[in-house]
Amino acid sequence: MAEMRIDIEFNSGAALPMDAIPELSRLAEAHGFGCCWAGEANNKDPSIMLAAIAAVTSRIQIGSAIYHILGRTPATLALQAVGLEELSGGRFLLGIGSSNPTIAKWHGLPLDHPLGRITEYIEITQRAMRGEKVNFDGKYYSCNAFRMPFKQSGREIPVYLAAFGPKMCRLAGAITDGVLVNMANPAEVRRIIGEVRQGAHEAGKDPAALEFIVKVRCSVAADHAAGREALSRVLTFYSLADFYKELLGRMGFADEVDAMRAAWKASGFHAARALISDRLFNSVPMIAATSVDEVRERLQPYIDAGATRICIPYIPNSEDVVGETGRFITAWNIC
């Protein structure tokens, strides 16, 4: 555990007020977390959050987990990335994903050929971030005569791809610096890492140089039931999301997920949540614990599966969301 990088993600469920994020990030830096991550869906804007964190910290990394390709053009993402890189003094990590059908509907954009789209998107973004003049006419994206009119830092911004399907995992190994893994149990993490390494090997890259960043949500409460109650809301959300149905099915929970989706369509979200079984809850990367030490112990299977970093989106279980998150960070104390 001493060499393992432990990161934190803020506002996975948009529970925290934005003005609390800077102080919590300073606390995370003081207590030894490796990176503050922020994700993008219909929650609070990650770019604003990451900029605020970068402005008030000096050592902790900042990362997107993840930006989806429907939210902006590749050139716009490159500008945001180099801006966060400059503001943070070289601490930015760029996580990208192909999105999902629900988010595509929000934006009124197509979600087809994800492998082809993400490949072109990443190529344009990487070239633009390096300060190249980009002339690219692809099947899905084009970017012509684009170049940033200012000098970049010179650091190659690491790019990580969100993936769990075999083809996307192999693509991550081939064209990026590693993979961001969400909602996968240790057995699935091991499979994903194997696919990513295979992709790197086939592309002539060194698999040992890749990062395997695994999200494990947790909630620390006076009793396990309170933590489970908070985490079950998140698990229901993912069980009802189209892409994660495939992942949970591969993990052996197709029947449970089908029943939850039927209950949701018939009676709503809470009816679906009521069907979460102990078998399902205890087999996904969600830890309801009564202490930080218990969380540490239960992370070990993910480390054994090959994770090089663990990202913890902390899920509050009380009304005092800021104080509770701060107490979790302080109790962790990696330093």
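A few points about this structure:
- Failed condition for residue 148, given (1) farther than 30 Å from residue 323 by Cβ; (2) assigned to a helix (DSSP H, G or I): (2)
- If you go through the stretch 151-177 and keep only what is in contact with a strand residue (DSSP E or B) (Cβ under 6 Å, 6 or more places away or on another chain), not in a strand (DSSP E or B) and not hydroxyl-bearing (Ser, Thr, Tyr), you end up with 157, 158, 163, 172, 177.
- Residue that is open to solvent by less than 40 Å² (accessible area, probe 1.4 Å) and of a type in the set (Asp, Glu), where the choices are 246, 256, 229: 256
- Counted residues, the stretch 290-302 - those being of a type in the set (A, V, I, L, M) and surrounded by 19 or more Cβ atoms within 10 Å (Cβ to Cβ): 2
- Any chance residue 132 is within 28 Å of residue 307 (Cα to Cα), open to solvent by 20 Å² or more (accessible area, probe 1.4 Å) and not hydrophobic (A, V, I, L, M, F, W, C): no
- Residues that are part of a helix (DSSP H, G or I) and either among the small types (Gly, Ala, Ser) or in contact with a Lys or Arg (Cβ under 8 Å, 6 or more places away or on another chain) (or both) were ranked within the stretch 178-201; the one that is surrounded by the fewest Cβ atoms within 10 Å (Cβ to Cβ) is 187.
- Residue check for residue 99: in contact with a strand residue (DSSP E or B) (Cβ under 7 Å, 6 or more places away or on another chain), within 18 Å of residue 43 (Cα to Cα) and of a type in the set (S, T, N, Q): yes
- Among (1) modelled with pLDDT of 90 or more; (2) touching a Gly at 6+ places or on another chain (Cβ under 7 Å), the one test that residue 72 misses: (2)
- Top-ranked residue of the stretch 158-177 - restricted to ones that are among the small types (Gly, Ala, Ser) and farther than 18 Å from residue 64 by Cβ, ranked as most open to solvent (accessible area, probe 1.4 Å): 174
- Within the stretch 282-299, residues that are within 19 Å of residue 187 (Cα to Cα) and in contact (Cβ under 8 Å) with a residue 60 or more places away in the chain reach partners that are in a helix (DSSP H, G or I) and open to solvent by 60 Å² or more (accessible area, probe 1.4 Å) with beta carbons closer than 6 Å, at six or more positions or on different chains, in the pairs 287/298.
- Pick from the stretch 46-86, criterion among the polar types (S, T, N, Q) and in a strand (DSSP E or B), ranking: least open to solvent (accessible area, probe 1.4 Å): 64
- Within the stretch 312-323, the residues that satisfy the criterion of being touching a residue at least 60 places away in the same chain (Cβ under 8 Å) and either under 16 Å from residue 233 (Cα atoms) or open to solvent by less than 50 Å² (accessible area, probe 1.4 Å) (or both) are 312, 313, 314, 315, 316, 317, 318, 321.
The values are calculated or read from the model by the stated rules, or taken from the named source; none is laboratory data. Predicted model only: the values in this text are computed from it and were never measured. Here the Cβ is made from the backbone with ideal geometry for all residues, glycine too, and neighbour counts use every protein chain on show. Surface areas here come from the heavy atoms of the whole protein model, side chains and all, with no ligands, DNA or RNA. Shrake-Rupley method; radii C 1.70, N 1.55, O 1.52, S 1.80 Å.
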